[in-house]
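Participant: First the structure, which I've put down as structure tokens, then a few questions once you've had a look.
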Amino acid sequence: MLQRYRTVRQDGSKEIVIKKSRFIGYARPVETEEEAVAFIDEIKRLHRQATHNCSAYIVGERDQFQKASDDGEPSGTAGKPILEVIKNKGLKNVAVVVTRYFGGIMLGAGGLVRAYTDGAVAGIEAAEEIVYVLHREVFIEVDYTWYGKLENELHGRGTRLGNVDFTDKVTVCCLPEADEAEQFVAWATDITQGKSVITLGEERYYIENE
């Protein structure tokens, strides 16, 4: 799994007008190529009367699924520019559609490239770029006499925390970044003087700085 990757937070859309043509940029986070295709089809159904619904997506840990569609625009003037926006922003697992309602003024090849580029940027900005960082669950079980010290040390370190369970002992779910988990376990063992029981849990992504 990637230690970190950039994508979009949510569905987003924004309309811009260029020489009387309406361009509506849409973006959505997707996990699979099937989700990307379903999103594109959804926008096409929403805008059946549009002149064009051009699209692109990049999906996969190694960007292994990529596709762009000009949807009737001159070859290379729509889908490819949208795809290039995704690539230039370093985004993964995102699908973008730019819908066009023709306004009666021809834009030319260069104008189309700029318009679809701007439409893609608008949609992505509306969807909000974020960075996901891979974290590892580390469960620290201590006696109640150690909990105050552990809590203070964790806050001082700035460790992301999950649930805290209070039973006959206290179990704190800590969420260090995955590539720092081994170092974190050594640190936790040291500050509890070996009086804790530490177990590793799942790896999962969290939004950076949230």
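The values are calculated or read from the model by the stated rules, or taken from the named source; none is laboratory data. Model, not experiment: these values are computed from the prediction. Here Cβ is always computed from backbone atoms with ideal geometry, including for glycine, and neighbour counts include all displayed protein chains. The accessibility values were calculated without ligands, DNA or RNA, using every heavy atom of the protein model including side chains. Shrake-Rupley method; radii C 1.70, N 1.55, O 1.52, S 1.80 Å.
Participant: Could you compute the FRET efficiency for E182 and I207, with r as their C-beta to C-beta distance and R0 at 25 Å, rounded to 0.05?
Facilitator: Efficiency at R0 = 25 Å is approximately 0.60.
Participant: Now a separate question. Over segment 1-114, calculate the relative contact order: mean separation of alpha carbon pairs under 8 Å at least 6 apart, over the residue count, as a percent.
Facilitator: For segment 1-114, the relative contact order is 34 percent.
Participant: What is the ratio of the Cα radius of gyration of segment 1-113 to 2.2 N^0.38 Å, with N the residue count, to two decimals?
Facilitator: 1.05
Participant: Along the charge dipole of the chain, pointing to its positive end and built from +1/-1 on Cβ of Lys, Arg, Asp and Glu, which listed residue (V197, I43, P176) has its Cα farthest out?
Facilitator: I43
Participant: How large is the Rg to Rh ratio of segment 68-210 when both quantities use alpha carbon positions and Rh follows Kirkwood?
Facilitator: Taking Rh as the inverse mean 1/r over Cα pairs, Rg/Rh reads 1.31.
Participant: Can you give the helix-only mean residue ellipticity at 222 nm for the chain, where every DSSP H stretch with n ≥ 4 adds -39500 (n - 2.57) and the sum goes over all residues, rounded to the nearest 500 deg cm²/dmol?
Facilitator: -10500 deg cm²/dmol
Participant: Label L46 and L161 with points 7 Å out from Cα along Cα→Cβ: what is the distance between them in nm?
Facilitator: Spacing of the two 7 Å Cα→Cβ label points: 4.0 nm.
Participant: Continuing with the same structure: So what is the accessible area of segment 150-210 per residue, in Å², with the probe set to 1.4 Å?
Facilitator: 62
Participant: Relative contact order for the chain: what is it in percent, counting Cα pairs under 8 Å that are at least 6 residues apart?
Facilitator: 25
Participant: Shape verdict for segment 1-54, please, from the Cα gyration tensor: rounded (a/c under 1.5), prolate (a/b greater than b/c) or oblate.
Facilitator: oblate
Participant: Of K19/K67; K14/K89; K44/K80; K44/K87; K44/K89, which ones are farther than 21 Å apart at the Cα?
Facilitator: With Cα atoms farther than 21 Å apart: K19/K67; K44/K87; K44/K89.
Participant: Another question, then. By accessible area of protein heavy atoms, probe 1.4 Å, what ranking do F39, F139 get, highest first?
Facilitator: Ranked from most to least accessible, the order is F139, F39.
Participant: Moving to a separate point now. What does the charge add up to near L91, with Lys and Arg as +1, Asp and Glu as -1, over the other residues with Cβ less than 9 Å from its Cβ?
Facilitator: +3
Participant: Within the accessible area of the chain, what % is carbon and sulfur when the probe is 1.4 Å and the other protein chains stay in place?
Facilitator: Result for the chain: 46 percent of the exposed heavy-atom area is carbon or sulfur.
Participant: In the Gaussian network model of the chain, springs joining C-alpha atoms below 10 Å, which of F102, F184, F166 carries the largest mean-square fluctuation?
Facilitator: Fluctuation is largest for F166.
Participant: List the lysines whose Cα sits under 24 Å from the Cα of K195, skipping any in the same chain fewer than 8 residues away.
Facilitator: Output for K195: K149, K169.
Participant: Keeping every protein chain present and rolling a 1.4 Å probe, give me the accessible area per residue for segment 1-118 in Å².
Facilitator: Value returned for segment 1-118: 50 Å² of accessible area per residue.
Participant: A follow-up question, please. From the gyration tensor of the Cα coordinates in segment 41-86, what semi-axes in whole Å does the equivalent ellipsoid have, largest first, with each one equal to sqrt(5λ)?
Facilitator: Whole-Å semi-axes of the equivalent ellipsoid: 21, 14, 7.
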